[in-house]
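Peer 1: Next up is a structure, given as structure tokens.
The values are calculated or read from the model by the stated rules, or taken from the named source; none is laboratory data. Keep in mind the model is a prediction, meaning the values are calculated, not measured. Positions of Cβ are generated from backbone atoms using ideal geometry, with glycine treated the same way; all protein chains shown enter the neighbour counts.
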Amino acid sequence: MTTATTLELPAPYGSCPFSPPPAYTDAAREAAVTRTVLPDGTACWLVTGYDEVRAVLADARFSADARTPGFPFLSAGQRELATAKPSFIRMDDPEHARLRRMVSKDFLVKRIEELRPGIQDIVDRAVDRMTEGRTSADLVADFALPIPSLVICLMLGVPYEDHELFQSLSRTLLDNRTTRPEAERAHAELMGYLAELAAYKRGHPADDILSRLAAREDLTAQETASLGFLLLVTGHESTANMTAVSVLALLQRPDQANLLRADPGLVRGAVEELLRHLTIIHLGLGRAATETVRVGAVTVPAGDGVICMLSTANRDRQLFGETDDLNLTRDARRHVAFGYGIHQCLGQTLARVELQTVLTTLLRRLPGLRLAVPADQLAYNRDNIVYGLRALPVTWA
Ligand code: HEM
């Protein structure tokens, strides 16, 4: 039997900023797959169960290509972005696999572990800059945002003297107050910069991603720039937002922060639990059925859109126990915060190392870190695909 609950997306949050919206948890309680209505009025399927989310994301009959009929869009902006300039995150195999393969070696665990000391150095300098001559800061703008951009500069091989330009263009692109013409200008400038840098690297190769891509015969300078751009955009906002909401979650749970401060060896598991508990890709992952497919108890007809809700999947009580509680010692490794299947996050090891480094460093170096405003005055980015904080005023005096 098909359940036909209808609800609006995106739904408002309840009182706890970290819980999935009540509309989703209600839907999840009712059935693992329900009917829903998108903001533009289109009907689609909301997949909230853990097994069902993984089944959809692992099934090649569900397309991640936004041009596939029925693909669900949560906003007009998302439609434009995904259909106008598709990158491999919005492609199906074999094209997706061809392009992903070109950068996948750079994100293997061994390679990222080699970067750990460099990442530690970037994080230490970010703490130095944030704290120099002052006792308060906005942890989002002054700390969480610059770190992933500096890390990706290191990986792509952006020369140090260009960091300022690179960072200011990426800041413009990622700031949701940026107007459309400003974003287009910054996009064109950054793409031009990356294409020029790739051309330079062809003649002066070094041990970095752009050099390796530039040396390939089967990629144009433009395609190389596009891949560099995709890594910048996908790796930036998600890691920055995850950093800020993780710090907030720990400030609100001093018992858990103290646990981690006392035993930094817990950090790997702690990051997995934070990824599970916070699930910042909170509006879900869209797919379109290219054939009629059975998902759990429901038959999804060809041409229908589905939204896989990672946040409710990550609160599966059978798998994780008392899921609404943040418990840094929980075994949360089976979470789906990085997605599942062929599109599972390419940068997950990098994100993990960045988050582990950030949290242990902040807890060690700023033991007095606390909110500088009451928690109920914090403003969240609830409408973005990536959930986060607009600002996080903190003090350590
Ligand atoms: C894909 C989450 C950090 C690069 C994804 C997907 C999720 C995700 C859920 C799957 C999208 C889909 O199936 O439609 C996150 C989270 C992060 C993070 C929560 C931080 C906490 C990063 C970083 C990078 C990165 C640091 C790289 C610099 C990518 C890429 C894809 C992707 C390239 C597309 C993979 C593909 O289509 O094959 N990410 N991500 N991400 N992520 Fe991440």
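Peer 1: Has the stretch 254-267 got at least one residue that is in contact (Cβ under 8 Å) with a residue 24 or more places away in the chain, surrounded by fewer than 17 Cβ atoms within 10 Å (Cβ to Cβ) and either more than 14 Å from the ligand (Cβ to nearest atom) or within 30 Å of Gly49 (Cα to Cα) (or both)?
Peer 2: In the first step, residues of the stretch 254-267 are kept if they are in contact (Cβ under 8 Å) with a residue 24 or more places away in the chain; the result is 256-257, 259-261, 264, 266-267.
After this cut, where a residue has to be surrounded by fewer than 17 Cβ atoms within 10 Å (Cβ to Cβ) as well, the list is 259, 264.
Among the residues that remain, those that are also either more than 14 Å from the ligand (Cβ to nearest atom) or within 30 Å of Gly49 (Cα to Cα) (or both) are: 259, 264.
Yes - at least one qualifying residue is present in the stretch 254-267.
Peer 1: Same structure, new question: Out of curiosity, is Leu355 surrounded by 19 or more Cβ atoms within 10 Å (Cβ to Cβ) and of a type in the set (A, V, I, L, M)?
Peer 2: Values: surrounded by 19 or more Cβ atoms within 10 Å (Cβ to Cβ): yes; of a type in the set (A, V, I, L, M): yes.
Yes: the conditions hold for Leu355.
Peer 1: Every residue in the stretch 151-163 that is surrounded by fewer than 20 Cβ atoms within 10 Å (Cβ to Cβ) and either within 14 Å of the ligand (Cβ to nearest atom) or within 25 Å of Val245 (Cβ to Cβ) (or both), please.
Peer 2: At the first step, the residues of the stretch 151-163 found to be surrounded by fewer than 20 Cβ atoms within 10 Å (Cβ to Cβ) are 154, 159-163.
Scanning the stretch 151-163 gives a single hit, Leu154.
Peer 1: Tell me yes or no: at least one residue of the stretch 204-215 is among the β-branched types (Val, Ile, Thr), touching a residue at least 40 places away in the same chain (Cβ under 8 Å) and closer than 23 Å to Met91 by Cα. Step through it out loud before you land on a result.
Peer 2: Quick first cut of the stretch 204-215, residues among the β-branched types (Val, Ile, Thr) only: 209.
Keeping just the survivors that are touching a residue at least 40 places away in the same chain (Cβ under 8 Å) gives 209.
With the extra rule that they be closer than 23 Å to Met91 by Cα, the set shrinks to 209.
Within the stretch 204-215 (the criterion being among the β-branched types (Val, Ile, Thr), touching a residue at least 40 places away in the same chain (Cβ under 8 Å) and closer than 23 Å to Met91 by Cα), the answer is yes, since at least one residue qualifies.
Peer 1: Same structure again: I'd like to verify a number: residues in the stretch 278-336 that are crowded, with 19+ Cβ neighbours inside 10 Å, at pLDDT below 95, small (Gly, Ala, Ser) and part of a loop (DSSP other than H, G, I, E, B), how many?
Peer 2: Count: 1.
Peer 1: Six or more apart or on different chains, Cβ under 8 Å: which pairs go from a residue in the stretch 318-344 that's free of Cβ contacts under 8 Å to residues at least 60 places away in the same chain and more than 16 Å from the ligand (Cβ to nearest atom) to one that's assigned to a loop (DSSP other than H, G, I, E, B) and acidic (Asp, Glu)? Could you list them?
Peer 2: Thr323/Asp316
Peer 1: Could you check the stretch 95-117 and list, in sequence order, the residues that are within 30 Å of Trp396 (Cα to Cα) and either away from the ligand (no atom under 15 Å from the Cβ) or loosely packed, with under 13 Cβ neighbours inside 10 Å (or both)? It would help to see each step written out before you state the result.
Peer 2: The first filter runs over the stretch 95-117 and keeps only residues within 30 Å of Trp396 (Cα to Cα), leaving 115-117.
Residue satisfying the conditions is Pro117 alone.
Peer 1: Taking the stretch 56-67 as the search range and keeping residues that are of a type outside the set (Phe, Trp, Tyr) and within 14 Å of Thr292 (Cα to Cα), which one is farthest from the ligand (Cβ to nearest atom)? Talk me through it step by step, then tell me what you get.
Peer 2: Residues of the stretch 56-67 of a type outside the set (Phe, Trp, Tyr): 56-61, 63-67.
From what is left, the residues that are within 14 Å of Thr292 (Cα to Cα) are 56, 59-61, 63.
Values: Val56: 10, Asp59: 12, Ala60: 13, Arg61: 15, Ser63: 11 Å.
Top of the filtered list is Arg61.
Peer 1: For the stretch 360-379, does any single residue satisfy the condition of being closer than 19 Å to Val109 by Cβ, surrounded by 15 or more Cβ atoms within 10 Å (Cβ to Cβ) and in contact with a helix residue (DSSP H, G or I) (Cβ under 9 Å, 6 or more places away or on another chain)? Write out each step before concluding.
Peer 2: Keep residues of the stretch 360-379 that are closer than 19 Å to Val109 by Cβ, which gives 360.
Then keep just the ones that are surrounded by 15 or more Cβ atoms within 10 Å (Cβ to Cβ); that gives 360.
Narrowing further to those that are in contact with a helix residue (DSSP H, G or I) (Cβ under 9 Å, 6 or more places away or on another chain): 360.
Taking every residue of the stretch 360-379 in turn, at least one turns out to be closer than 19 Å to Val109 by Cβ, surrounded by 15 or more Cβ atoms within 10 Å (Cβ to Cβ) and in contact with a helix residue (DSSP H, G or I) (Cβ under 9 Å, 6 or more places away or on another chain).
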